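Down below is the structure, laid out as structure tokens.
A short reminder: the numbers here are calculations on the coordinates, not readings from a lab. As the structure is a prediction and not an experimental result, all values here were calculated from the model. Virtual Cβ from ideal backbone geometry, glycine too; neighbours counted across all protein chains shown.
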Amino acid sequence: MAKVEFNPGTLVKVRGREWVLESCDIEGCVKLRSLGGTDGDVQILMPSIEDTELESATFPLPDSTKPGSYSSALLLRNALRLKLTNAAGPFRSLGHVAVEPRSYQLVPLLMALKQNPVRLLIADDVGIGKTIEAGLIVKELLERGEVTKFIVLCPPHLVEQWVEELREHFNIEAASVTARSIKSLEKEVPATETFFDHYPASVISLDYIKADEHSQWFKNHAGDDAMIIVDEAHTCCVGGGRQLRFNLLKSLADDKKRNMLLLTATPHSGDENAFGNLISLLNPKFAELNSLEEAKDDIRKELAEHLVQRRRKDIVNYPGKTSFPERMVTEVTYKLTGKWGDFFEDVRKYCVKIAQDSEREKGYKGRMMWYATLALLRCISSSPAAARSALTTRLGNTEEQNEQNLDLLEQSINDTYDGIGDELNEDEQLMEPVLEESSELQKLIEKANALSGKDDDPKLLCLIKHIAEMYKERQKKGSVYRPVIFCKYIATAHYVAEELQKEFSTSAVSFVTGEYTSDQRQDIVTELAKNENPILVATDCLSEGINLQEGFNAVIHYDLAWNPTRHEQREGRVDRFGQQCSKVWCSMLYGSDNPVDGFIFNVILRKARTIKDNLGVLVPVPEDDASVRVAIVKAALMKERTSGADNEPSLFDGFSDEELGLAVKEVETKWNKLLEKEKANRTVFAQRAMHPEDVAPEWEKTKKALGDAKDVERFFTETSKRLNIGLEGQDDGAYVLNVPTLPVELRKQIAPIVKTNKAGLYKISFEYPPKQGYTFLQRSNPVVTNFASYLLEGALSPNAKSPAARCGTYLSDKVTELTTIYLLRIRYQIKTTGSKKILMAEESVALGIQGRSNPKVIADDDVEKLLDGKPTGNLAPEKISEAVNESIDYYNSNKNVFEKIAKERSEQLALDHTSVRKATNIDQKSVKVEACLPCDLIGVYVLLPDGDL
């Protein structure tokens, strides 16, 4: 077996190419990365069986006979910087992510870096960017070598979204594991590998994996080294059908070495046991904290080290830009007029009658009928289509079925309040009330069948008028109204979409319900968002987890939800990190004289809004005993529709019955107690230990070394000019790239990965979030890296032509004596005490040397100022070559100067790593950074004082 004597970081030559040798854990093998390549451009070779030996390679020096303009020199410098992926700074992942994190999104990362193992609950508000925060943690740990594989467990409707987000933002290709895909995925796994070794990044449906036979397979294959991320973790921690999920997570959490990230926007839904289950996954002793206000301070403080929970208003004080729109909330009302009003009142009276009869005949179980009749009335309030469905599909029930239905009602009493269900694949349906065949019922069915369209449906007419008004208002202000309309029932969604298509013929209208699979829903949303005037009608299958901010900017609550959390989730689909619009519009549509809507709006939603305005977050509706809830439901049904002025009573007012008034008051009292508890909890969990500003200098150094958004824009626009590529700037700072005008080789690389129109035009932006219909190009975007590779490889190749020059001589009024800027690439080995793993890193350095006889090294910032200058005159070709050759000779004769600088930079990098470890309280193991010498001399650029010939 051939002995490999080259150290990691060495430049070697094999198979006729030059490579960078990297650390390899396979005995007898070497890992090679192509020169200028990314992590994907690697080869694993066994030297003992190669036809040619592994040789030391010398990086070719610049050719003084091929100088270029000053702009071409800057172009090469930027191409080199944008090609760097393994940043030498303490944040290794920044060069690999296609998103520019905001400062507040660093807090979970800093908290995770101080933990071993990582056990973190990220419970930030809807739309703040929990996926980005989790992705940063995973990417950083992967780049540090602290984890080698990870698995995301999430509801089935979020699987493909996670796969896409990992690919788009973190350049991670993850396997999508569902009941339908598992067989084909298993076929690709070699017999010598486990499933998760072959697929080190996986996203798995919780529905699939929770079954006993599947969960056992999962635990056998995942091993104890896979990091687990659980999205919508609150859905796994309550009773019922979700107990299987909790059992799975608990068995994973029992491994004390396991890294786990839990994500949820609703960690505490008012269920103390569920919350206890959730935090017990962080540490079993936290399960005792069912009552946080009574828990010991030391335990609560320890939990705070594992829980990060911020409101929108918390993060506006963080340094840096926070890209959140302003939420514009409006109320839109209608009246139950004409045939529809008469029909509604007939149904309400019918519901009260059968509920009272049932309660009188069957006692307590009969009281549950109030919930059944309320569910029926909610259907009637929704739409004529839902009314017909509710009245006609409930005929013919047997007495035995009716008893079962009442049992179901009693067990699922919380569903009346739109509790966040186990899954949102199933749209909420009418509960099974007792509707006995009768002439009265038949008359109601006949009335329902006669109602349809805006002429008979004041609610639909109100919606149409509201959309039309919003269209006009937004057009006047130069923007587009792109609404998502949320309905409670499938029948209503079908009906509303069909009627809106008739009214808005120039708009594209589609609907999404639980009838479709997750993939089908995503396809519908994606296609609809491409239109200029889209209208999306959806049930609550889209209200949780699905991102709609890229295609839509408004939400209309066509059917009010009883649970304010559901409203927040709906609005959070568009009002979230990455929304392109500065404002989003949220409208609540309700009947001003509809007692059901009035109860929901006045008793629940307005109270929730008041609490949110004061606290900054929602506090869930308190849980009550059945008697209190029945009393409140009675209040909604017994209140008759009024005539004349709008029925808008003050909060919790309008209930004359003493029993009902007391019940409602009890709910208010409990809600206020929850509010005070939430305030206290948020004081305990306030993030005081983690301050992004403590590591901001190191973070900014890494960003500067790699290039920020402005650097990317300058590089892209200058490259397009030099290559004569069609790139047209827009008034708002965005661009349109004409892909067919790219050089052939570059076009072959880019065309398959971009979405263009028929003319080959590609809309791009260098600001995040980009405007509607444009793609954000960040430094690690494949389009940018392909541009950089094309220029860099062309410049380094002795035969290829490139607009980026490796050398040149220029007259400048920025210098008083001859000054040479050396463009270097320095590779480093990073070693942590106690770890056998060697990490490779690299950086691009522009180093200034002033003078020849008594040379002076120019600091980083001063070099940047020189590079920002412009030449003031031209030189003869022989003068250009002569000056370049002299500077190359100086480099060859004084390599000790450059090696000393490289060593000093490595020492500073070690200090930067240590600074971050101290700020995050990571174990105080020392970090050693060693420069791999000699440096690569990429470019030589000589500046002569103006007038010096």
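Here are some notes:
- For the residue pairs K130/K763; K703/K903; K349/K459; K814/K903, the C-alpha atoms sit more than 23 angstrom apart in K130/K763; K814/K903.
- All C-alpha pair distances within region 707-796, sorted into 5 Å bins from zero, spread as 3, 14, 27, 30, 18, 7, 2, 0 percent across the bins.
- Length-normalised contact order for region 95-318 - Cα pairs under 8 Å, 6+ apart - percent: 28 percent
- Proximal lysines to K879, defined as alpha-carbon separation beneath 18 angstrom and excluding residues fewer than eight positions away on the same chain: K66
- Using 0.36 nm per residue and subtracting the Cα-Cα separation, the extra length available between R714 and E904 on full extension is 65.4 nm.
- With neighbours defined as other Cβ atoms within 10 Å of a residue's Cβ, the residues D357, D254 order from fewest to most as D254, D357.
- Look at S48, S853 and count the other Cβ atoms within 10 Å of each Cβ; fewest to most, that gives S853, S48.
- As a calculated quantity, the FRET efficiency between E326 and N531 at R0 = 25 Å, using C-beta atoms, amounts to about 0.50.
- For region 707-796, a crude dipole built from +1 on the beta carbon of Lys and Arg and -1 on the beta carbon of Asp and Glu, taken about the Cα centre, is about 300 debye to the nearest 20.
- Loop GluC sites (Glu not before Pro), region 747-830, which have at most 10 other Cβ atoms in a 10 Å radius of their Cβ (DSSP): none
- Using 0.36 nm per residue and subtracting the Cα-Cα separation, the extra length available between V42 and D868 on full extension is 293.8 nm.
- Under the combined filter of DSSP loop state and at most 15 neighbouring Cβ atoms within 10 Å, region 531-584 retains these GluC sites (Glu not before Pro): E532.
- Long pairs among K257/K285; K114/K900; K210/K755, criterion Cα-Cα beyond 26 Å: K114/K900; K210/K755
- Charge dipole of region 86-204 (Cα centre as origin; +1 on each Lys and Arg Cβ, -1 on each Asp and Glu Cβ, all else neutral): 240 debye, rounded to the nearest 20.
- Stretched out straight at 0.36 nm per residue, the stretch from K465 to D731 would grow longer than its current Cα-Cα span by 92.5 nm.
- Per-residue Cβ neighbour rank within 10 angstrom, fewest leading, M470, M111: M470, M111
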